[in-house]
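Worksheet: the structure to be examined is printed underneath.
The values are calculated or read from the model by the stated rules, or taken from the named source; none is laboratory data. Since we're looking at a predicted model, the values are computed, not measured. Because the Cβ atoms are built from the backbone with ideal geometry, glycine has one as well, and the counts that use them run over all protein chains shown. Accessible surface areas use protein heavy atoms only, side chains included; no ligands, DNA or RNA. Shrake-Rupley method; radii C 1.70, N 1.55, O 1.52, S 1.80 Å.
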Amino acid sequence: MRTTEKSRPQVTAGIPVAKKILPSLVTGQEVVLIGIIAVLWILLGLLTPAFLTAGSILPLLVAVAPIALIGVGMTLIIITAGIDVSVGAAIMVTSVVTSQTMVATGIPLIPAVLLSVAVGALLGLVNGYLVAYGKIHAIIITFGTANLFQFIGLRFFGSSTVNGLPDTFDVFGRGEAGRTFGIPHSFAITVIVVALAWWYLRHAASGRHLFAVGGNETAARLAGIKVKPLILRTYVITGALVGLAACFLIGQGTSTLEQSVGAGRELAVIAAVVIGGTSILGGRGTVLGTLLGAILVQTVTSGVTQMGWPSQLSDFFVGVAIIAAVGTDILRERSRRKS
Amino acid sequence: LTGCTNKNSTADSGSGDSGKTTVAFVPKLQGIPYFEAMNAGGQQAAEDLGIEWLYQGPTTADAAAQADIVRSLIQQKVDALIVAPNDPDSMAPLLKQAQEAGIKVATADTDAPNSVRQVFVNQTTEENHGKALSESLMKAMGGTGEFAIVSCSETAANLNAYIEVIKKDVAANYPQGKLVDLVYAGEDQAKAAAMATDLMNAHPNLKGIVGLCSAAAPGVAQAVKDAGKIGQVFTVGGGTPMAMAPYLKDGSSSASVLWDVQNLGYLTAWTGKELADDKTLEPAFDVDDKIKGVTFDAESKIELLGPPLVFTKDNVQQFKY
Amino acid sequence: MRGISKNYGGVRAIRQAELTVYPGTVHALVGENGAGKSTLIKILAGAEQPNTGTIAFDGEAVSIASTTDAIELGVQTVYQEPQLFPELSITENIFIGREIKRGLRVDWAAQAAQIHELLDMIGLPHHLATAPVGDLSIAQQQQVSIAKAVAGEARILILDEPSAILTDTEINVLFSIVRRLTARGVAVIYITHRLDELFEIADTVTVMRDGQTLDTYDIKDLTVTKIAELMVGGIVTEKRPERSFDGLSPTLELHQLDVGHLLHGVDLQIRPGEILGLYGLLGSGVAEIAEAVYGMKQPTGGRMVYQGKAMVNKGPAEARRRGITLVPANRSAQGVFSFQSIRFNISIGDLAKLSPVKGWINRGRERDIALDLIKRLGVKTPNENQPISAMSGGNAQKVVIARQLLSTPKLLILAEPTQGVDVGAKEEIHRLIGDLAESGTAVLVVTTDLSEVLRISDRVLVVREGRIAAEFGHDATQVDILAAASGAVPIRKEA
Amino acid sequence: MSTTTLKRNDVQQRSHGFGYKSVKMLLTQRIALLGLLIVVVLAVMMSLDAAGAMSGSYDADYLAAALISAVPLAMLGLAELMVILSGRGGIDLSVGAIVSLCCIVFGYSYGIWDLGLFPSIVITAVAGAVCGAINGFLVAYIGFPPLIATLATFYAFKSLALIISGQKPISTIQIQDFFSAAQSVEIPVIGYNLPNIPLGIFTFLIPTALLAWILLNRTTFGRRLYALGTNDVAARWAGVDTRANRMMAYVLSGLISGLVAIVIVAQFASARPDAGVSGNGLALPAITIAVLGGVAITGGIGRVSGILLATLLVVWLNAGILLAFAGNEGTQLQLLALGLLLIGASLLNNLTRKKFGVLY
Ligand SMILES: Nc1ncnc2c1ncn2[C@@H]1O[C@H](COP(=O)(O)OP(=O)(O)OP(=O)(O)O)[C@@H](O)[C@H]1O
Ligand SMILES: Nc1ncnc2c1ncn2[C@@H]1O[C@H](COP(=O)(O)OP(=O)(O)OP(=O)(O)O)[C@@H](O)[C@H]1O
Ligand SMILES: [Mg+2]
Ligand SMILES: [Mg+2]
């Protein structure tokens, strides 16, 4: 049924191979995305010779990192049939708290990251608690908290920008300091987080339970799964990842932090997740797809600029990409169900 | 039914209870250094001139949110109302409404030319500003080579005017200079940086980038710095001094073309008081010993602070905003 | 289990029920629909809490507050409604909630070692181990549910109508599993409506009626007829007077109708004023006959003739335009627009009636029509604007029926017309059906309620395995019908 | 199960007096709650005013002037009402982008091609409806989740508006003069002693609200919409063409967005290609208004009056906050108030459902 199974040899005769019962390694959606990205990269490489150079690809990957990172959390949430539209506002809060602390106290990298992650997790806790225990639809709750977080963020900014940021977060930036052996740290960290999440969703019992909760919450409860803490956890994880992504954004940004730091990112993240083949209805999704979705969106955006087309056109292509990606997913699901 | 409205009673404008003259200023957006610096200048003026200075801006650069604030200020019966409109055309009717309520109206930073505003407090002309940008850029580029512009909002009239001036000036005076691309990054530093990076990749011979607004200027400088192309690619832009200082210092930005924003705020407040006091502005005057050589053109009703101020690594330290 | 009672609000689902099961035996629980079987086992499984009564395990009183408690005690349950995760593989569905773990991670290898054994046991091919459950047929899903329960370390295994949708070979597999488990000392509680099975698999049988547990019998002392008698309580149902429909041309005829693999060559005729009962167990195909006529399922073979003309209904809207209406079986899912008013729930059936102007609604006329039907059906409500969610099941059902009577139907199909309805309302609904037939409407009643089918039908067709298994006229008895439906009588061969 | 709800409530109703009944009414009738909140806001603001804590007087003239921002907000709230009512996660993130696109359509047809007011209005409305039809087709016929379909078209329409207009606002003389359609006017005959009301209220909001109300309450389409939003399966069994009717909800949402574009062009005397997406955009406030107005995100519940009252509440609360709090705090506190209102209202919904079983 799945292509990946056939290539696996049986290890022991009689006793079936462990891998055989694993959920398949990559989904059809991921294969399609890899194909589309490959085609785009080759096309762009042919049309604009500079596209396939390190100078172009590395910044692209750096720009992908924060979206994909938050996308990992968002994927977990959407798998449980939830959603979080407050991540843009949460970025604002975490980044302002972190950067003001850095400017004021000059704390070094690790504590600064931990602080940011902790603040993000706290915001996620608020969302998670209201969603899991308040029994209100996640989109409404997070619309509400988006307003609250924005208020909190603006209060921290205090009608000003944060100036003179230290270069602590340059390790996550686009520049030389942000790379080791030519690999951008922020992207590498994102890949590691994606791999961990991939492992978690694929191998950890509680990771598999997320799919169960999103697929059929009542059945999950009957099977003895503690649904509420599980849902709560996904929002806390997302919050923590927002905190980490905020560090990346500060690192990629200038020496000044402005209020607009998180504006509109929630939609970009959701776009990456759904392009990646995660079902907004819950029960199905992959973090690898999310990473690919984020890369696709950034490729389109960069590609439009590098082709010298009007930059406003990139949003049009993002819209088309969403329809194409989700559309093929819907059609594929439908034909699979039929057969 | 009487008492439901005061619209028919004769306007008793300017009857502030404190007796102090109230001057209100509505920026495009709160919390960005540019307007907060204007606010600082305005507050200084309020202290010096003995007026009350109100400053209230929307949380997003949104014409509708700005309109709500203007309405509330009309309701507060301020003596002078000065706006930096997000959308000049949409502000015109509101300014008319304010004037009908007996309020003196003006614009500052961005004009609403088709409105009843009595004065536009202009920092510098679009012509001068655009020219200062192209001149500083061409100076850094040695008058030759490819350059690109990273603008912000696609619909900002003043930015679009600067672009036209730059195009014209380069075509006329720097035949070796060539504008190869123009992109819009919104009011988003990170996006400006990402786009500048893409531009450098798309045009390997790129020698200059203009970051047109206060978000784009540091963004493009950061991109050049990150690409390790300091000295190869030169940037200029319209950034505020404190945000630009690190980049001017390391050479990723060659110059930032702006004006003394605090002085602009000061002049705005001062103009508001003059209007409230029903004074007429002279064709040329000094406000105090810091703000000199202000001109006023009675025909176009434009008050001009002066020539643009170019921040470089040498003078940027003097400005604390 | 001693003295167990459970009320759902006003409904007394079970009263003072008693049940004792012993290790290594198969204890069958039989009773008519709504007798309380599922409720009783849900209490044992921790999915419901009893109002009174005690449960003892090995002689010790225990409290089962949740499904987790029950699972810990070794109670594994296959519920009547499958509780599966469509996007997850069979393996995962089976192990969900009690994964074999190595540290944090699921030990796929260990699960794999067990899954193939389980798949062998339930007779599913190995390659399905990784298939998402959503891709399986309903019967296969049922098998997965069974495997899921069997995989747990069960001391008591509860099977609530596991065989309803399985084929004979699948049932044989099921029985072999049950036997293997009892051999290991597991106690199995087995609920079924297929009485013939009991003689193959059950050791003891407890009969439930009206929420009460009657006696428990040794299977050796029973016959299908005896069980059927116990279930229905020896009550002789009052029947409609015998009527003749000779000479009337049929309202609807089905000729050799096929629907996928669900129905095979179904022939049926119904005439104006006739009440035709269709009786069949869950999964017999009886529901599909109604759905095909109503346009919810498309026939794959044969034809339908309606009022003398060939008929194809692309959807319910088309059927309704022809004068065919249907009261769906699952009231809450398919019938009721909860939190909308009674008026709304009635008028949605034929909005065109509400005003002479197309597309328009005349509120006055709507109210009149609604009030008229409310009165005709005896719906108990202060006014027509009450939300239907605030009504008892019987009254809600009357409203759903009222919806179908807006414009007098020529053919009215009622699926489970009195399920979850109290005695009084049931009476009234039956009377209403009779009156409708009297006025010339052809009525097709699809029901799993034995006494009902006998009481109101002029004629009864019994459906089994997608075919018409038997036809009974006015002289039918409950025992005959039950026997035909549960397989004691071979399927009548068509000439 | 349903029997029990009735009985339990009967008992409680009997044992509780008037207080219980009024609490129940406030909780179950969103209209009553919103009405009460509006009264509270007005009372608090006016007493603050009387106590001299306001920087300007919170009077009828001010409240009337503030109504100008109620027009687009309420209309888009009505657009969201249509799609959220249709159930299955119905939502329209693209309304702001449709507004932007339609602003440009109107700008061209009225301001540049000079086709005359009425034809331009028709063209713009049709353009909006076509945008909505794209959403509706994706959702109802292909099976896209509404959130995703409208997220995609949000990006696409937003981009198209900028591309078509060459990112320049259109403000020809016709467009500038069109402000007269949004101006505050004195109501004829009785108006002398009443505050002047923004014209958009009469020319756009009231007609749209009235039509929406008629559509939802007096036509068979409205019935079908509520039916399929309440229970999609039951609607199918009752013979409702759920696809066509669901699609229609999105078409209407697009149509209303097209009309809002005209309002916004009038109000701002210019046709901006980013009119509906600048700042936080218009979609999020519209959804907020809908939820606050008692529209259940699960579909099937929601009323026109709820949208109108929620808009009044938000507009007048925001206007009051601006007078009560000077400086940047004022605008920031608006965010806080909106967030708390939204979360509070939905928690209340929940409580209501638990306590009284139903919600209207
Ligand atoms: N921490 C991790 N991060 C990312 N991927 C991981 C991680 N751990 C394992 N994987 C990947 O998961 C897949 C399966 O892992 P693993 O080999 O542990 O499973 P298995 O073969 O079922 O176990 P075993 O061989 O012990 O029976 C491998 O492809 C591996 O690359
Ligand atoms: N959740 C519920 N709320 C209200 N009444 C219920 C509920 N569940 C069951 N009932 C009622 O309790 C009674 C017993 O139902 P139960 O499901 O136990 O019957 P059963 O014997 O399993 O019938 P079947 O053979 O049809 O499965 C019925 O009258 C039913 O309508
Ligand atoms: Mg291994
Ligand atoms: Mg049962």
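Structure above, values below:
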| item | result |
| --- | --- |
| All positions within the stretch C:447-456 that are open to solvent by 10 Å² or more (accessible area, probe 1.4 Å) and outside any helix (DSSP H, G or I) | C:Thr448, C:Asp449 |
| Condition broken by D:Leu342, with the remaining ones in (1) more than 7 Å from every other protein chain (Cβ to nearest Cβ); (2) open to solvent by less than 40 Å² (accessible area, probe 1.4 Å); (3) not aromatic (Phe, Trp, Tyr) satisfied | (1) |
| Enumerated strands (runs of 3 or more DSSP E) restricted to the stretch B:97-185, each holding at least 2 residues that are without any contact (Cβ under 8 Å) to a residue 60 or more places away in the chain and open to solvent by 50 Å² or more (accessible area, probe 1.4 Å) | B:177-184 |
| Search result, residues across the stretch C:417-446 that are hydrophobic (A, V, I, L, M, F, W, C) and either outside any strand (DSSP E or B) or more than 26 Å from C:Ser407 (Cβ to Cβ) (or both) | C:Val421, C:Val423, C:Ala425, C:Ile429, C:Leu432, C:Ile433, C:Leu436, C:Ala437 |
| Residue within the stretch A:276-298 that is within 13 Å of chain B (Cβ to nearest Cβ) and β-branched (Val, Ile, Thr) present | yes |
| Check on C:Leu181, farther than 27 Å from C:Ala228 by Cα and either away from ligand 4 (no atom under 16 Å from the Cβ) or assigned by TED's automatic domain parsing to the domain that holds C:Thr206 (or both) | yes |
| In the stretch D:158-175, the residues that are more than 8 Å from chain A (Cβ to nearest Cβ) and at negative phi | D:Ala161, D:Ile164, D:Ser165, D:Lys168, D:Pro169, D:Ile170, D:Ser171, D:Thr172, D:Ile173, D:Gln174, D:Ile175 |
| Of all residues making up the stretch A:144-156, the number that are farther than 15 Å from A:Ala263 by Cβ and at the interface with chain D (Cβ under 7 Å from one of its Cβ atoms) | 4 |
| Selection from the stretch A:302-314 of residues that are open to solvent by 30 Å² or more (accessible area, probe 1.4 Å) and either under 12 Å from B:Met195 (Cβ atoms) or not in a helix (DSSP H, G or I) (or both) | A:Met307, A:Gly308, A:Trp309, A:Pro310 |
| Some residue of the stretch C:63-74 being in contact with a helix residue (DSSP H, G or I) (Cβ under 8 Å, 6 or more places away or on another chain) and within 16 Å of ligand 4 (Cβ to nearest atom) | no |
| Single residue of the stretch C:152-167 satisfying the filter (modelled with pLDDT of 80 or more and more than 14 Å from ligand 4 (Cβ to nearest atom)) that is least open to solvent (accessible area, probe 1.4 Å) | C:Leu157 |
| Residues of the stretch D:250-297 classified as of a type outside the set (Gly, Ala, Ser) and farther than 26 Å from D:Ile38 by Cβ, total | 11 |
| Failed item, numbered, when A:Ile280 is tested on (1) open to solvent by less than 20 Å² (accessible area, probe 1.4 Å); (2) out of contact with any Phe, Trp or Tyr (no Cβ under 8 Å at 6 or more places or on another chain) | (1) |
| Filtered residues of the stretch B:272-321 (kept if part of a loop (DSSP other than H, G, I, E, B) and among the hydrophobic types (A, V, I, L, M, F, W, C)) | B:Leu281, B:Val287, B:Ile291, B:Ala298, B:Leu305, B:Phe319 |
| Among residues of the stretch B:36-51, those that are open to solvent by 10 Å² or more (accessible area, probe 1.4 Å) and at pLDDT 90 or above, counted | 9 |
| Evaluation of B:Asp260 against (1) within 18 Å of B:Thr124 (Cα to Cα); (2) open to solvent by less than 30 Å² (accessible area, probe 1.4 Å) (one fails), failing number | (2) |
| Only listed residue being more than 16 Å from ligand 2 (Cβ to nearest atom), free of Cβ contacts under 8 Å to residues at least 60 places away in the same chain, open to solvent by 50 Å² or more (accessible area, probe 1.4 Å) and under 22 Å from A:His209 (Cβ atoms), chosen from C:Gly59, C:Gly103 | C:Gly103 |
| Checking A:Gly207 against (1) under 18 Å from the mean Cα position of the chain (by Cα); (2) within 18 Å of A:Thr75 (Cβ to Cβ); (3) away from chain D (no Cβ under 14 Å); (4) buried (at least 22 other Cβ atoms within 10 Å of the Cβ), the condition it does not meet | (4) |
| Selection status of C:Ser137, within 16 Å of ligand 4 (Cβ to nearest atom) and at pLDDT below 85 | no |
| Considering residues of the stretch C:21-37 that are crowded, with 22+ Cβ neighbours inside 10 Å and not in a strand (DSSP E or B) only, the residue nearest to ligand 4 (Cβ to nearest atom) | C:Lys37 |
| Criterion: modelled with pLDDT of 85 or more and either part of a strand (DSSP E or B) or open to solvent by 30 Å² or more (accessible area, probe 1.4 Å) (or both) - qualifying residue of B:Leu29, B:Leu73, B:Leu1, B:Leu54 | B:Leu54 |
| Considering residues of the stretch C:5-20 that are buried (at least 19 other Cβ atoms within 10 Å of the Cβ) and closer than 19 Å to C:Val188 by Cβ only, the residue nearest to ligand 1 (Cβ to nearest atom) | C:Leu19 |
| Helices (runs of 4 or more DSSP H) completely within the stretch D:35-121 that count 1 or more residues being out of contact with any Leu (no Cβ under 9 Å at 6 or more places or on another chain), of a type in the set (Asp, Glu) and open to solvent by less than 40 Å² (accessible area, probe 1.4 Å) | D:60-66, D:70-85 |
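Results for (1) aliphatic (A, V, I, L, M); (2) open to solvent by less than 20 Å² (accessible area, probe 1.4 Å), shown as yes or no for each residue.
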position: C:Gly394; (1), (2): no, yes
position: C:Ile401; (1), (2): yes, yes
position: C:Pro417; (1), (2): no, yes
position: C:Gly424; (1), (2): no, no
position: C:Gly434; (1), (2): no, yes
position: C:Ala437; (1), (2): yes, yes
position: C:Ala442; (1), (2): yes, yes
position: C:Ile481; (1), (2): yes, yes
position: C:Ala485; (1), (2): yes, yes
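Quick grid of which residues meet (1) among the hydroxyl-bearing types (Ser, Thr, Tyr); (2) under 22 Å from B:Tyr321 (Cβ atoms); (3) modelled with pLDDT under 90:
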residue: B:Ala185; (1), (2), (3): no, no, yes
residue: B:Lys191; (1), (2), (3): no, no, yes
residue: B:Gly208; (1), (2), (3): no, no, no
residue: B:Ala221; (1), (2), (3): no, yes, no
residue: B:Val236; (1), (2), (3): no, yes, no
